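Colleague: Dropping a structure here in structure tokens format, bear with me for questions.
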Amino acid sequence: MHITLRQLQIFAAIAQSGSTTAAGTQIALSQSAVSASIAELERVLSVLLFDRIGKRLILNDHGRAMLPQALSQLKSAADLEQSYLSDSPSLLVIGASLTIGNYLLPRLLADYWRSQGIVVGDTNPPLQVVIDNTVEIAAKVANLEVDIGLVEGPCHRSDIAITPWLKDELLLVASPDHPIIREYNGGLVPFSRMAKANWLLREQGSGTREALENVLLPHLPQLKSHLEFNDNEAIKQSAVRGLGVACLSELIVSDMIEAGRLVEIKTDFVRIPRRFSLLIHHQKKITKGMQRFIDFATMPQS
């Protein structure tokens with residue numbers, strides 16, 4: 001594009017004042033600079049915009065057609081500048097691991113947008129969401145593909161700033177018809193029995209998988225599994241149908257426990273605590289838009 005906003009500003013000033021001298025005074029440029037600029041604009045457009053009558057410049061038909069468009073462009077540029085001088089707009093890209101993205105983020109975003117005065121359901125909110133497992137979200141933060149990462153598993157990258165966020169608990173659950181539930185009838189299940197069970201596991205790279213292995217592998221030689229999933233809902237539904245033992249966030253299974261379709265398995269460690277984390281690249285400049293979202297997300301929950 002060869003037309004500049006400065007040229008449009010000079011064109012509008014001449015149109016409104018009637019001469020290059022008056023226009024130069026209006027926008028603090030020399031008369032020669034104004035003349036050179038309007039001559040270059042006419043050269044780029046391959047048309048004359050003014051009739052020259054003595055020292056006066058009067059809009060011709062081309063100039064009259066162009067003036068409203070020029071004023072519109074100048075107004076848009078002024079509005080854009082003003083928006084950044086006051087409350088800077090932003091289009092955030094948020095990355096979330098699966099448990100957070102599927103079960104926590106929708107509520108968080110709805111509350112956040114309402115707090116920003118956005119009419120939920122009618123407006124395109126200024127935010128994009130990427131959902132993947134913890135390892136992939138951390139990689140996207142490191143590559144600056146997302147502005148903020150919200151993950152459920154530990155992050156081991158040195159190029160990312162990690163802020164502890166929300167507390168969560170992982171529960172061991174199974175169908176009421178699962179042999180373990182029938183055998184122990186709500187009692188404490190020993191590790192030796194858990195080692196015989198078929199486990200419904202998340203894929204490698206999942207924060208849930210890593211948290212489970214960190215707690216169980218010191219006590220069990222291995223987690224016997226013939227079924228691995230990259231989706232929490234698939235694990236939950238498989239557990240409901242008695243296909244194995246699952247370890248999932250309380251956020252995910254609370255509805256099925258309440259409905260009696262899953263039962264919590266009691267063991268020596270009972271529940272597995274963990275903490276969600278907020279990730280930002282060490283060298284990323286935190287904008288006002290990012291800070292607003294971070295402040296809201298980290299507010300104490302009522």
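Just so you know, all these numbers are worked out from the coordinates, no wet-lab data involved. It should be emphasised that the depicted structure is a prediction, and the values quoted were computed from it without experimental measurement. Ideal geometry is used to build each Cβ from the backbone, glycine not excepted, and the neighbour counts take in all protein chains shown.
Colleague: Let me know the Kirkwood hydrodynamic radius for the chain, please, with Cα pairs as the basis and the value in Å to one decimal. Spell out each step's value before the answer.
Modeller: Details: mean 1/r = 0.0415 Å⁻¹.
For the chain, inverting the mean 1/r across all distinct Cα pairs yields 24.1 Å.
Colleague: While we're here: In nm², what is the average projected area of the convex hull enclosing the Cα atoms of segment 167-275?
Modeller: Numbers: hull surface 24.4 nm².
Dividing the Cα hull surface by four gives the mean projection, 6.1 nm².
Colleague: How much net charge surrounds D255 when only the other residues with a Cβ under 15 Å from the Cβ of D255 are counted, with Lys and Arg +1 and Asp and Glu -1? Working shown, then result.
Modeller: Details: positive: R107, K236, R261; negative: E233, E250, E258, E264.
Once positives and negatives cancel, what remains is -1.
Colleague: Which of V130, V34, V189 moves most in a GNM of the chain, Cα contacts under 10 Å?
Modeller: Largest GNM mean-square fluctuation: V34.
Colleague: Explain nothing, just the number: relative contact order of segment 167-275, from Cα pairs under 8 Å at least 6 residues apart, as a whole percent.
Modeller: Result for segment 167-275 is 50 percent.
Colleague: Another one. Along the positive direction of the dipole of the chain (beta-carbon charges: Lys, Arg +1; Asp, Glu -1; about the Cα centre), which of L71, L243, Y184 reaches farthest?
Modeller: Comparing the listed Cα positions along the dipole, L71 ranks first.
Colleague: Given +1 on the Cβ of Lys and Arg, -1 on the Cβ of Asp and Glu, and no further charges, what dipole in debye does the chain carry about its Cα centre, rounded to the nearest 20? Please list the in-between numbers first.
Modeller: Details: 29 positive and 31 negative charges, 103 e Å.
I would put it at about 500 debye.
Colleague: Give me the distance between the Cα centres of segment 105-171 and segment 241-298, rounded to whole Å.
Modeller: For segment 105-171 versus segment 241-298, the Cα centre distance is 12 Å.
Colleague: Given P125, I100, L41, which one lies farthest toward the positive end of the charge dipole of segment 38-154, if we put +1 on the Cβ of every Lys and Arg and -1 on the Cβ of every Asp and Glu?
Modeller: L41
Colleague: Considering only L80, L201, F11, whose Cα is most displaced toward the positive end of the charge dipole of the chain, charges sitting on Cβ of Lys, Arg (+1) and Asp, Glu (-1)?
Modeller: Among L80, L201, F11, the one farthest towards the positive end of the dipole of the chain is F11.
Colleague: About its Cα centre, how strong a charge dipole does segment 5-85 have in debye, to the nearest 20, once Lys and Arg get +1 and Asp and Glu get -1 at the Cβ?
Modeller: Numbers: 7 positive and 6 negative charges, 44 e Å.
Roughly 220 debye for segment 5-85.
Colleague: What value, in deg cm²/dmol to 500, does the helix sum -39500 (n - 2.57) over DSSP H runs of n ≥ 4 give at 222 nm once divided by the residues of the chain?
Modeller: Working: 12 runs with 129 residues, N = 302.
Result for the chain: -13000 deg cm²/dmol, rounded to the nearest 500.
Colleague: Follow-up. With +1 on the Cβ of every Lys and Arg and -1 on the Cβ of every Asp and Glu, and nothing else charged, how large is the dipole of segment 167-275 about its Cα centre, in debye rounded to the nearest 20? It would help to have the intermediate numbers written out before the result.
Modeller: Numbers: 14 positive and 15 negative charges, 52 e Å.
Taking the Cα centre of segment 167-275 as origin, the dipole is about 260 debye.
Colleague: OK, next. Through the Karplus equation 6.51 cos²θ - 1.76 cosθ + 1.60, θ set to phi - 60°, convert the phi angles of segment 225-232 into ³J(HN,Hα) values in whole Hz; use x for Gly and Pro.
Modeller: Computed from phi, the couplings for segment 225-232 are 8, 10, 9, 10, 9, 10, 9, 5 Hz.
Colleague: Please give the length that would be gained between N230 and S115 if that part of the chain were fully extended, namely 0.36 nm times their separation in residues minus their C-alpha to C-alpha distance (nm, one decimal). Numbers along the way, then the final one.
Modeller: Values: separation 115, 0.36 × 115 = 41.40 nm, distance 3.31 nm.
So the chain would gain 38.1 nm between N230 and S115.
Colleague: What are the ³J(HN,Hα) couplings of segment 144-158, residue after residue, when phi is run through the Karplus curve with 6.51, -1.76, 1.60 and θ = phi - 60°? Round to Hz, x for glycine and proline.
Modeller: 6, 7, 10, 7, 9, x, 10, 10, 9, x, x, 10, 10, 8, 7
Colleague: What does a probe at R275 reach in segment 134-150, counting residues whose amide N is under 16 Å from the point 7 Å along Cα→Cβ?
Modeller: Flagged as within label range: 150.
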